[in-house]
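The values are calculated or read from the model by the stated rules, or taken from the named source; none is laboratory data. None of these values were measured; they are calculated from a predicted model. FYI the Cβ positions are ideal-geometry reconstructions off the backbone, even for glycines, and counts take in every protein chain you see. We work out accessible area using only protein heavy atoms, side chains counted, and drop any ligands, DNA or RNA first. Shrake-Rupley method; radii C 1.70, N 1.55, O 1.52, S 1.80 Å.
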Amino acid sequence: SGPLPSEMGRLVHLTTLSLSNNSFTGTIPTHFGDLTNLEKLYLTGNKLESSLSTEFYDMASLSEFHCGGHSVSTSYGTVFLSNRLWGTISTLIGRLTRLEVFEIAQNSFWGSIPSEMGELTNLVKIDVSFNGLSGS
């Protein structure tokens with residue numbers, strides 16, 4: 001539990017960071033934007049509460065971003081594990097030209113999907129379900 005360590009922003013040679021299904025809280029550190037070699041970021045199933053900072057869109061090598069929620073069946077019933085990320089999807093998403101997977105399901109994003117997303121020709125999966133997004 002607790003916040004994601006901002007010191008992880010110093011791991012500039014990191015290509016995959018998998019922190020899913022823990023109890024991390026707080027924000028996605030702005031220092032993650034310094035991870036310019038990061039290709040895959042897995043944050044699904046935590047308790048993060050923030051918007052995607054401008055620095056997030058500096059991760060030029062990012063090909064997969066997973067921060068949605070999911071359900072787990074237990075002997076006590078179904079448990080939903082979900083972040084509470086919010087805000088709009090910035091037009092800066094057009095910077096992530098290597099992005100193949102963009103998964104932000106079961107959060108609290110709103111607004112429209114920016115037209116810049118149409119420029120991401122490597123995208124093979126987009127999951128924005130169970131948010132407050134709308135058409136323009």
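Per-residue counts of other Cβ atoms within 10 Å, averaged by peptide: what ranking do you get for 10-23, 50-63, highest first?
Averaged packing, sorted descending, gives the order 50-63, 10-23.
Excluding ligands and nucleic acids, what accessible area in Å² is computed for V101 using a 1.4 Å probe, to the nearest 10?
Answer for V101: close to 20 Å² accessible.
Using a 1.4 Å probe on the protein heavy atoms, what percent of the accessible area of the chain belongs to carbon and sulfur?
Values: 3540 of 7030 Å².
Carbon-and-sulfur percentage of accessible area, whole number: 50.
Rounded, prolate or oblate: pick one for the chain, where a ≥ b ≥ c are the square roots of the eigenvalues of its C-alpha gyration tensor, a/c under 1.5 means rounded, and failing that, prolate if a/b is larger than b/c, else oblate.
oblate
Count the net charge of all other residues whose Cβ sits under 15 Å from the Cβ of S20, scoring Lys and Arg as +1 and Asp and Glu as -1. Let's see the in-between values first.
Numbers: positive: K40, K47; negative: E64, E103, D127.
Computed value for this residue: -1.
Can you give the local net charge around R84? Use residues other than it whose beta-carbon is closer than 11 angstrom to its beta-carbon, Lys and Arg +1, Asp and Glu -1. Mind showing how you got there, number by number?
Working: positive: K47; negative: E49.
Counting the neighbours of R84, the net charge comes to 0.
What is the spin-label model distance, in nm, from S112 to R98 if the labels are put 7 Å beyond Cα along the C-beta direction?
3.1
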